Amino acid sequence: MRPIFLLSALLLAACGPGLTPLPPPVSPYPDSEAAPPPPTPLPTAGRPVIPDDDAALVARELLIPVAGVSATRLQDSFLAKRDGNRVHAAIDIMAPRGTPVLSADAGSVWKVRSNALGGFTVYAIDDEQRFVYYYAHLDRYADGLKEGQRIARGDVLGYVGTTGNAPPNTPHLHFQLMRYRGNGRWWDGDPINPYPYFTRKRAAQR
């Protein structure tokens, strides 16, 4: 028993007042989606969806967030390759420039931001603070849009464009659905593929 006693004494000494703990790391990207991708890339099949999240998203019947676009016109680009090993982790919804971008779910506008990658962007969060919805490459914002604003499903947030790194002749909405981690970071939730939630109901009606 003596070796165990000595080991415990050493551990207690190491935790004593003579050592100063290191401060927590601070993200250098508080306001931009330009942060580097996470160390572990998304697996090829996308991150697994928690069953409760799946049921919640099915029940919400998310609205396709571009006016006049039907489920038959959507392409699943969630796993499309981007720079390096990064995957898209979102879908692109093609539409003419100036087409209204609609809120996919009820909730509130969390952040209104502009950056080099996404251009004019909106981050919205649902009423339960469970999911974050990211709308990027907007041509412009809806008049009067502001952070903290309550939004209903179908409210206009902005208009389709090509701001940021979008090809200038390919107007579209970059739409991302994320599971909010509850850490105050609106830009780094766990991506969930929104495509099945826009198309599942139509498939079930065949």
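Every read-out reported here was derived from the displayed coordinates using simple, explicitly stated rules and does not represent laboratory data. Computed from a predicted structure; not experimentally measured.
Close amide-amide hydrogen proximity is noted between A80 and H88, A89, each under 5 Å apart and 5 or more residues distant or on a separate chain (H modeled in the peptide plane; Pro and chain starts excluded).
Summarised in one figure, the compactness ratio Rg/Rh of the range 65-206, Cα atoms and Kirkwood Rh, is 0.94. Amide H contacts under 5 Å for R140: Y159, restricted to partners 5 or more places along the chain or on a different chain, H placed in the peptide plane at 1.01 Å from N.
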